Amino acid sequence: ERILESMLQKEGIEPDAITFNSLIDACAQLGDVERASRWFDEIQRLGLRPTVETWSALINARAKRGKATRDRKQIMEAEKILESMFKEEGIEPNVITFNTLI
């Protein structure tokens, strides 16, 4: 979070989808689903459009958490995110998206 603040305030660098994809992926690696979801929401708050990679990173965060804790609810949430990505946002999942659920 401090890195993003530094980018915005000190460097004047505007974050893009790649920035947020990296943040969401880092949260997934740490098992911090809540923070990953907050970063996803921040993308939309800033008026950026999540990419297939962004959606995949969020799905990955849920799926990893579910697999690590054997929490079926997290897996089901990952599946709901996939459905929302496709049906509501019209973004086609790719091979990476599907691999996160395996």
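Could you check which residue among A26, A63, A36 shows the biggest mean-square fluctuation in a GNM of the chain with a 10 Å Cα cutoff?
A26
Helix 72-87 against the longest principal axis of the chain: what's the angle in degrees, Cα atoms only, rounded to the nearest 10?
The two axes meet at around 70 degrees.
Measuring with a 1.4 Å probe in the full set of protein chains, what accessible area per residue, in whole Å², belongs to the chain?
In whole numbers, the chain has 64 Å² accessible per residue.
Would you kindly state the longest site-free stretch of the chain, with sites defined as GluC sites (Glu not before Pro) in a DSSP loop (not H, G, I, E, B) surrounded by at most 12 other Cβ atoms within 10 Å?
2-87
Need the C-alpha centroid separation for region 55-76 versus region 1-51, integer Å.
19
Of the trypsin sites (Lys or Arg not before Pro) in region 64-93, which ones lie in a loop per DSSP and count no more than 11 other C-beta atoms within 10 Å?
R70
Taking K64 as the anchor, which aspartates and glutamates have their alpha carbon closer than 15 Å to its alpha carbon, excluding any fewer than eight residues away along the same chain?
Partners within reach: D25, D32, E34, E77, E79.
Which of the aspartates and glutamates could a cross-linker bridge to K80, judged by Cα under 13 Å and excluding same-chain residues fewer than eight apart?
The reachable aspartates and glutamates, counting only those whose Cα sits under 13 Å from K80, are E88, E89.
The values are calculated or read from the model by the stated rules, or taken from the named source; none is laboratory data. Not measured: the values here are computed from a predicted model. Cβ sites come from the backbone with ideal geometry, for glycine too, and all protein chains shown count toward neighbours. Please note that ligands, DNA and RNA were not included when accessible areas were found on the heavy atoms of the full protein model with its side chains. Shrake-Rupley method; radii C 1.70, N 1.55, O 1.52, S 1.80 Å.
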